[in-house]
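Q: Below is the structure I would like to discuss, written out as structure tokens.
Bear in mind these aren't lab numbers, they're just calculated from the coordinates by the rules spelled out. These figures come from a predicted structure and were not determined experimentally. We place every Cβ from the backbone using ideal geometry, glycine too, and count neighbours over all the protein chains shown.
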Amino acid sequence: MNFLPQIVGSFADPASENPTVEMVEAAFRHHGLHWRYLNCEVPANRLAAAVAGARAMGWAGFNCSLPHKVAVIDHLDGLGESARLIGAVNCVVRAGDGRFIGENTDGKGFLRSLQEVTPAAGKRVAIFGAGGAARAIAVELALAEAAEISIVNRTRERGEELARHIASNTATRARFEHWRGLYRLAAEVDVAINATSIGLFPDVDAELPLELDSLRPAMVVADVIPNPPRTRLLEAAAARGCTVLDGLGMLVNQGVAGIRYWTGVDVDARVMRARLEAIFG
Ligand SMILES: NC(=O)c1ccc[n+]([C@@H]2O[C@H](COP(=O)([O-])OP(=O)(O)OC[C@H]3O[C@@H](n4cnc5c(N)ncnc54)[C@H](OP(=O)(O)O)[C@@H]3O)[C@@H](O)[C@H]2O)c1
């Protein structure tokens, strides 16, 4: 008999709309793991106390979401390679010696979804957006040896900084393109990714400023938006014969990566996706 589960969880503010707890606990149940995932609302000025509490209670790790992804770094003992390159942590993992190590699984989740349909190596990629999601995806694609990444962003400084960061820290060619008016994808783009918040609930009819006839059937078109999973962009891309990847895949796969870090078990992504599909309808 053992009445003491291993504990992991999430620190975010706000926290009530984050469905991760449902997805992770569905995997724990399915695999008979004696683990619990606690969804905690932690304001910015209580983050240090929350991390100290997790250490004191022997938590195996935790996810961090807004507004803690960068601030948490000051409270950790080290960073994994992609978290260091991204400059943000969304998954903290307790190492064997008890140190808390920051990892970033957002980009890894995206990469795994992509690799289910095509390898990243050698691909020419266009990423819309230059925020946290775009940064995590761009770093992970570069580490997976994508040939070229175009960062397409509305705000010049943010986009230029991300393109420079990729070009100077990885072997991938990267450039910035200023997004003004309707954007036309070059014919040689292999993978186009919406990493902006355009289309997120409740703004579900919002459309990317994109010339839809530049979408070609050979392209993979991905969206980070998890809710709704079928965005206007993905509808348009599927209608043109593109291979499409939705934001639920990224969300599920970053969860799979986090659970693997914590428990060592490779859980069934389909169980987690089914739970999210039941929630998002
Ligand atoms: N599926 C998943 O697992 C997963 C994981 C992480 C995030 N996400 C999703 O990713 C999205 C972005 O998150 P984030 O953390 O990267 O946000 P963020 O850091 O705030 O960045 C938002 C990006 O979207 C761009 N943007 C927003 N509205 C725009 C508009 N109307 N026109 C053009 N560009 C616009 C911003 O451009 P400017 O720089 O010009 O402001 C910026 O580049 C969110 O919707 C989130 O739900 C999904």
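Q: Once phi is turned into θ = phi - 60°, what whole-Hz ³J(HN,Hα) does the Karplus curve with 6.51, -1.76 and 1.60 give for every residue of region 30-46, x standing for Gly and Pro?
A: Working through the residues one at a time gives 4, 9, x, 7, 7, 10, 10, 10, 9, 8, 10, 8, 10, x, 3, 7, 10 Hz.
Q: Long-range amide H contacts for C91: which residues qualify at under 5 Å (H placed 1.01 Å from N, peptide plane, sequence gap of 5 or more or a different chain)?
A: C64, E103, T105
Q: Classify region 141-281 as rounded, prolate or oblate, taking a ≥ b ≥ c as the square roots of the eigenvalues of its Cα gyration tensor: rounded when a/c is under 1.5, otherwise prolate if a/b is larger than b/c and oblate if not. Walk me through the numbers on the way to the answer.
A: On the way: a/c = 1.82, a/b = 1.23, b/c = 1.48.
Oblate, since a/c reaches 1.5 and b/c is not below a/b.
Q: Would you please give the FRET efficiency between A274 and D203, computed as 1/(1 + (r/R0)^6) with r the Cβ-Cβ distance and R0 = 22 Å, to the nearest 0.05? Before the final figure, lay out the partial values.
A: Details: r = 26 Å, r/R0 = 1.19.
Given R0 = 22 Å and the Cβ-Cβ separation, E is 0.25.
Q: Taking N as the number of residues in region 137-224, what is its Cα Rg relative to 2.2 N^0.38 Å? Display every interim value, and only then the final one.
A: Values: Rg = 13.3 Å, N = 88, 2.2 N^0.38 = 12.1 Å.
Ratio of Cα Rg to 2.2 N^0.38 Å: 1.10.
Q: In addition: Give me a comma-separated list of calculated 3J(HN,Hα) values for region 178-187, in order, Karplus coefficients 6.51, -1.76, 1.60 applied at θ = phi - 60°, integers in Hz, x for any Gly or Pro.
A: 6, 9, 10, x, 6, 8, 10, 5, 5, 4
Q: Counting just the Cα atoms, what span does the chain cover along each of its three principal axes? Round to the nearest Å and put the largest first.
A: 61, 39, 32
Q: Expressed as a rounded percentage, what relative contact order does region 107-245 have, with Cα pairs under 8 Å and six or more residues apart?
A: On the way: 278 pairs, mean separation 29.5, N = 139.
It rounds to 21 percent for region 107-245.
Q: Order 247-253, 234-240 from most to least packed using the mean count of other Cβ atoms within 10 Å. Can you show the working numbers first?
A: Numbers: 247-253: 25.3, 234-240: 17.0.
Most protected by this proxy first, the peptides run 247-253, 234-240.
Q: Continuing with this model, one more query. So how long is each side of region 34-127 along the principal axes, counting just the alpha-carbon atoms, biggest first, in Å?
A: Projected onto its principal axes, the Cα set of region 34-127 covers 45, 31, 24 Å.
Q: May I pose another question? What's the exposure ranking of H68, H31, H75, going from fewest to most Cβ atoms within 10 Å?
A: Values: H68 26, H31 15, H75 20.
If I rank by nearby Cβ atoms, fewest first, I get H31, H75, H68.
Q: Let me ask another. To make sure I understand, if each residue's beta carbon is the centre and we count other beta carbons within 10 Å, what order do F62, F176, F11 fall in, fewest to most? Before the final figure, lay out each step's value.
A: On the way: F62 28, F176 20, F11 25.
So the ranking, lowest neighbour count to highest, is F176, F11, F62.
Q: Check L210: other-chain or 5+ apart residues with amide H under 5 Å from its amide H, H built from backbone geometry?
A: The list, which skips near neighbours in sequence, is Y183.
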